[in-house]
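Undergrad: The following block contains the structure, expressed as C-alpha cells.
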Ligand SMILES: Cc1ncc(COP(=O)(O)O)c(C=O)c1O
C-alpha cells in the first residue's frame, strides 16, 4: 500500500463508531450547562465586584500564554470545572482590567450586568439577522431601539424610522465602520450627481476628483476610511481650542473647487479622541449643505452625553447632518459591540451595497430594512437585545446619572491637579476626560507617564497636540467612587515626587 492509502485506512479504523450513533450524546447536556453557567455567573459577579483589587495593567511578557496550555486541542472532552480553574491561571494574568476604577486609558468601554445577560440570550438565539426574514425580531427590535435611543438624545425626527420618512438607524460594530459606511454612501451619491452633469466622464475620472474633509483632530479611523474608500481625505486645521470651524472647512472646499476637485464628504467630530474637543457642527453643517457635501457626525464617545439635556448645545446644527454615530458601547453601559448610526436617507448606503443573490431574497423585501445593505459584513448578531435590556433595566434617569457622575469625577480630578502648582491642565475639561501635564518640557511628562504605568496601579495613555505632550485621565469604570479619584491622583502625585527628587 502506498503511504496515502495506508493513512486513509488507519484514519478510518481510528474513527470512534460510538460517536456516530445519534443516540450517544456528544454535546454538553442541559443540566451540566446550567451548573457551568451558574458558576460562571458567580465568577463574573465576583470578578467585577472585586476588580478594584487587581493590578490594573497586566505585567506579563509577550508569549506568556503558550507554555501554560497544551500544544494541541484535547482529543477527548475535559470537564468544565477544569476550564473554570484555568481562567485565573491562564487568562487573568494577561488581562488589562478595563473596568477597574484605576483604568483611565483611551476612552471607556461599557460593561453592565443587563448587557452581559442580553449577550447570553443573543448567544442562545444565535441568529444571523442579515435580512428581515432571517429573524424578524432581530431587525424589528433594532429599528425600534434606534428610535428610542434617537429620541433619548434629541435627534431631529428626520433620522428616526418612526417619523415615517426615509430616515432610520442601524447598529454597526464600531464607529470606524460607521465612518466608512457613510463615506461610501456619500461617494455613491456624488458619483450619481456628477454623472448626470457630465455623462461623458468615466467613473474613474469622477472618483479621482473626489475629496473629503475632517478636522486635523479627527480619529485615525477617518483617515483609514479614506484609504479603504479609495478617495482623498484632507485634514483641515482646527482652531486654537482644537475645534473645526465652518470658515476653515469652507476655505478648504473653495480651494479644492478652484482646483477642479469635487468635495463630497466631511466628518464633524463631537468629542475628539485627543482632548474631547467639539467641532462647530452649527457652522460646518451649513457649509456642507451649501456645497452639497455629505456631513457625517462622529460622536463615538461623547454622543452618550446627549441623553443629558444640559449637553445638547454641543450638538447644535444636527439637522444639517446626513448621518450621525455614537457608541453606546463606550459610555452608555452597553457592552461592546454596539455602535449606533442614523442616516437621514439610507437609500444611498443601501444602493451602494446592494448585491442581491437569489438565496438572500424574500417575499417581504422592502417592507422592513434588510440590514445587510446598511453595513459591510453580511452577518450580524442580535445586538439590539443589549440596548433593550440596558434601556429598560437602567431607565433614562440612571443612564443620565452615570454620565453626570463621570463628568463630576473628571472635575474632581482636575481640581486636585489644579491645586498642585507643578501641574497644568491642557485645554478645557470636557466630559469625563482630563488632559494634564507637568509644567515645563515634554520629557518631564513623558517620564511621569512611564513611572505611573510602570507602577501598574493605575493606567493612562498620552496624547500630543501641536507638540505639547500630555497625559489623558479618562474616567472609565461604572464602579468609580470619589475615593478612586483620590487614589489615582495620589499615584500621579507620588510619581511626580519621584521625578522632583531626581
Ligand atoms: C472620536 C472617535 N471616533 C472614532 C473612534 C473609533 O471607535 P471604534 O473603536 O468604535 O471604531 C474613537 C475611539 O475612541 C473616537 O474617539
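Undergrad: Using the Kirkwood radius built from alpha carbon pairs, what does the Stokes-Einstein equation give as D for region 3-94 at 20 °C and 1.002 mPa s, in µm² per second?
TA: Roughly 124 µm²/s, to the nearest whole number.
Undergrad: Under 37 °C and 0.692 mPa s, how fast does region 20-166 diffuse according to Stokes-Einstein, given a Kirkwood radius computed over C-alpha pairs? Answer in µm²/s, whole number.
TA: The estimated diffusion coefficient comes to 165 µm²/s.
Undergrad: How big is Rg to Rh over region 456-502, alpha-carbon atoms, Rh as the Kirkwood inverse-mean-distance radius?
TA: Here the Rg-to-Rh quotient is 1.03.
Undergrad: Can you sort 187, 290 so the residue with the fewest Cβ neighbours within 10 Å comes first?
TA: 290, 187
Undergrad: Using the basic label-point model (7 angstrom from Cα toward the beta carbon), what is the residue 126 to residue 420 distance in nanometres?
TA: 5.1 nm
Undergrad: Continuing with the same structure: If N is the number of residues in region 141-360, what value comes out of its Cα radius of gyration divided by 2.2 N^0.38 Å?
TA: 0.98
Undergrad: While we're on this one: Under a point spin-label approximation (7 Å from Cα along Cα-to-Cβ), what is the residue 444-residue 466 distance to one decimal in nm?
TA: Placing both labels 7 Å along Cα→Cβ, they lie 2.0 nm apart.
Undergrad: How high is the FRET efficiency between residue 455 and residue 204 when r is their beta carbon distance and R₀ equals 51 Å, given to the nearest 0.05?
TA: 0.40
Undergrad: Please give, to one decimal in nm, the separation of the simple spin-label points placed at residue 71 and residue 411, each 7 Å out from Cα toward the Cβ.
TA: 6.1 nm
Undergrad: Could you tell me the relative contact order of the chain? Use alpha-carbon pairs under 8 Å, at least six residues apart, and round to a whole percent.
TA: 20 percent
Undergrad: Return the Cα extents of region 97-159 along principal axes one, two and three, sorted largest first, each rounded to a whole Å.
TA: Principal axes ranked by extent give 44, 35, 18 Å for the Cα atoms.
Undergrad: Okay, moving on. Ordered by packing density, taken as the mean number of other Cβ atoms within 10 Å over each peptide's residues, highest first, how do 340-349, 56-65, 118-127 rank?
TA: My ranking of the peptides, most packed first, is 340-349, 118-127, 56-65.
Undergrad: Would you mind ranking 376, 171 by Cβ crowding within 10 Å, fewest neighbours first?
TA: Lowest count first: 376, 171.
Undergrad: Still on this structure, I have one more. Take every DSSP beta bridge with both residues inside region 141-360 and express the antiparallel ones as a percent of the total, to the nearest 5.
TA: 35 percent
Undergrad: Starting from the exponent 0.38 and prefactor 2.2 Å, build the expected Rg for the chain from its residue count and divide its actual Cα Rg by it.
TA: After normalising by residue count via 2.2 N^0.38 Å, the value is 1.11.
Undergrad: Restricting the count to DSSP beta bridges whose residues both fall in the chain, what percent are antiparallel, rounded to a multiple of 5?
TA: For the chain, the DSSP antiparallel bridge percentage is about 55.
Undergrad: Take peptides 139-148, 387-396 and line them up by average Cβ neighbours within 10 Å, highest first, as a rough protection proxy.
TA: Final packing ranking: 139-148, 387-396.
Undergrad: Follow-up question, since we're still on this one. Between Rg and the Kirkwood Rh of region 91-217, both from Cα atoms, what is the Rg to Rh ratio?
TA: 1.07
Undergrad: Between residue 396 and residue 49, what length in nm is gained on full extension when 0.36 nm per residue of separation is reduced by their alpha carbon distance?
TA: Additional length available on full extension: 122.6 nm.
Undergrad: When the Cα centres of region 423-493 and region 297-340 are compared, how far apart do they sit, in Å?
TA: Answer, in whole Å: 24.
Undergrad: Another question, then. Just report the Cα centroid separation between region 90-121 and region 26-68, whole Å.
TA: Measuring centre to centre over Cα atoms gives 12 Å.
Undergrad: OK, next. Principal axis lengths of region 221-271 from Cα atoms, whole Å, largest first?
TA: Principal-axis extents of the Cα atoms in region 221-271, largest first: 30, 27, 12 Å.
Undergrad: Starting from the Kirkwood Rh over alpha-carbon pairs, what translational D in µm² s⁻¹ does region 396-501 have by Stokes-Einstein at 10 °C and 1.306 mPa s?
TA: Diffusion coefficient, whole number: 113 µm²/s.
Undergrad: Quick one: which of 298-304, 437-443, 207-213 comes out on top by average Cβ neighbours within 10 Å, and what's the full order, highest first?
TA: Order by mean packing, descending: 298-304, 207-213, 437-443.
Quick note: the coordinates plus some simple rules give every number you see, no bench work behind them. Source: prediction; values computed, not measured. Quick reminder, even Gly has a Cβ in these numbers, built from the backbone with ideal geometry, and neighbours come from all protein chains shown.
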